[in-house]
Structures are given as C-alpha cells and as structure tokens.
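Structure record follows, encoded as structure tokens.
All of the numbers you see were taken from the coordinates with simple rules; none came from a lab. Quick caveat: nothing in here was measured; it's all calculated off a predicted structure. Cβ placement follows ideal geometry from the backbone for every residue including glycine, while neighbour counts extend to all protein chains displayed.
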Amino acid sequence: TEILKTTAGNTYTIRLLPYSKDPSKTFFHHYTHGWNSFATGKYVQALSPTTFNERDPISEERFRAMRTGTEDEKSRMGAVRRSEKWLVNVYVIDDPSNPDNNGKVKILRYGKQLQKIIMEAIEGEDSEEYGEKIFDLGSEGVNFKVKVEQQGDYPTYVASRFTTTNKLKLSEDEQKAIYDSTYDLTKVNSIKSYDELKQMIDDHIY
C-alpha cells in the first residue's frame with residue numbers, strides 16, 4: 001500500500017499535493033469501523049457507507065445491540081471503533097523511519113488533530129501566511145512537519161506544523177511529474193456493499 005507509515009518519536013517532512021486530475025478530490029474524508037475479529041483475532045476494518053451518506057449496517061447493528069441486545073452482543077459491538085479519517089497525497093521530503101520513501105509520492109492517512117492544523121493553514125488564522133502555498137512544490141511552497149509523539153496508548157500529532165524553511169529545488173518538469181503521479185484517493189479503501197458488511201458482522205463479530 002502507498003500509505004505513509006508514521007511511528008512515534010519521529011518527525012516526517014512532507015509537502016501536501018493537490019489531486020491534479022480533480023482538485024475537488026484533494027482530500028478524501030471518510031469514516032471507518034475497526035475491531036479485532038472475534039473469529040480470527042486479527043484486526044479488521046471497513047469503510048463506513050456513512051462516508052457517502054448511505055445506510056451503514058454496522059452502525060445500525062451497534063445501535064440495536066446497545067438498545068435491546070444481550071450483554072454479549074453489547075460487549076461485542078462495544079469493541080467496534082468508528083473513526084473519522086482523511087487521506088491526502090504527499091511528496092515525501094524526509095521519512096526518518098523509511099528513507100526509501102524520500103522523493104516519492106505517498107498517501108497520508110490522518111485524523112482530527114492534523115485536520116485542524118491543515119484547515120487553519122488553508123482557511124483559518126494561518127491562511128494569510130500559508131494558504132495555497134501548502135500545495136506548492138516550488139520554492140515558495142511550505143513544508144509540513146508531521147511530528148508524532150506518544151501520549152499514553154496513542155500517538156499525538158498536535159506538535160506538527162507548517163514551516164517555510166528547507167526550500168525545495170525541483171525543476172518545473174519534476175514538479176509536473178510529481179503532481180501527475182498523485183493517487184485517486186477514492187480508490188484506496190475497498191468499498192463493501194450493505195450485504196457484504198452484514199456478512200462481516202456475522203463472520204467477525206457474532
């Protein structure tokens with residue numbers, strides 16, 4: 001997979017990239033369900049149809065179980081975590097945990113902490129300073145330093161920031177090649193039908 005893997009204790013330097021074929025698809029905002037399968041013990045996850053404003057059998061079953069289910073059903077459905085995520089294409093400048101990624105286009109999957117920082121830069125208080133520059137591969141562009149720190153059981157990204165240091169020296173041809181190699185983010189997650197998700201509940205929860 002082309003997802004950029006980040007680990008606590010590292011800072012990743014990247015440039016955000018617009019999706020050149022359709023800038024309106026630069027970010028893919030989605031919801032996922034994830035849990036450790038009661039059948040296999042392995043972690044399983046699925047894209048929630050609420051991403052596309054469609055009915056979601058996993059959410060429906062969770063709602064039913066919490067209201068009228070048995071204690072066993074409640075505890076099983078309680079193990080299912082729904083999370084809100086975003087995807088964006090990135091150009092990797094420095095990946096300390098996997099230097100082979102440097103100079104490549106990858107996909108950053110992130111949550112609310114980074115979303116807040118990115119939106120501040122695009123349309124919030126930091127937009128005068130950054131704005132469009134966060135998507136610029138030229139010398140005027142700004143880098144995104146994704147700082148991953150461990151906080152209890154979870155990584156935290158609150159210390160991440162945009163920075164104008166470390167100018168990129170890419171020719172126009174190199175920039176175009178990078179913009180042209182961005183991924184269609186709507187195709188990253190496999191999309192299961194309503195019935196397939198119901199089957200997943202039977203297979204991995206009950």
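Using 0.36 nm times the number of residues separating LYS104 and GLU120, minus their current alpha carbon distance, what extension gain do you get?
My answer for the length gained is 3.2 nm.
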_Expected output is a single nm value to one decimal: the length gained when fully extending between THR50 and ASN10, i.e. 0.36 nm times separation in residues minus the C-alpha distance. What is it?_
11.1 nm
*Using θ = phi - 60° and the Karplus form 6.51 cos²θ - 1.76 cosθ + 1.60, what ³J(HN,Hα) does each residue of the stretch 166-182 get, whole Hz, x for Gly and Pro?*
6, 6, 8, 10, 10, 5, 4, 5, 5, 4, 4, 4, 5, 4, 6, 9, 6
_Prolate/oblate/rounded call for the stretch 80-130, Cα gyration tensor, a/c under 1.5 rounded_ = oblate
_Protection-proxy order for peptides 151-160, 137-146, 74-83, each taking the mean of Cβ atoms within 10 Å per residue, highest first_ = 137-146, 74-83, 151-160
*How far, in nm, would the chain grow between ALA159 and ALA79 when pulled straight, counting 0.36 nm per residue and subtracting the alpha carbon separation?*
25.8 nm
*Give me the distance in nm between label points sitting 7 Å out from Cα along the Cα-to-Cβ direction at GLU2 and SER181, one decimal.*
1.0
*GLU128 to LYS169: FRET efficiency via 1/(1 + (r/R0)^6), r the Cβ-Cβ distance, R0 35 Å, to the nearest 0.05?*
0.85
*Quick one: helix 194-204 against the long Cα principal axis of the chain, what's the angle to the nearest 10°, folded into 0 to 90?*
70
*Sum -39500 (n - 2.57) across every DSSP H segment of at least 4 residues in the chain, then divide by the residue count to get the 222 nm mean residue ellipticity, nearest 500.*
-7500 deg cm²/dmol
*Taking a point 7 angstrom from the Cα of LYS42 along the C-beta vector, which residues in the stretch 177-195 have backbone N less than 18 Å away?*
189-192
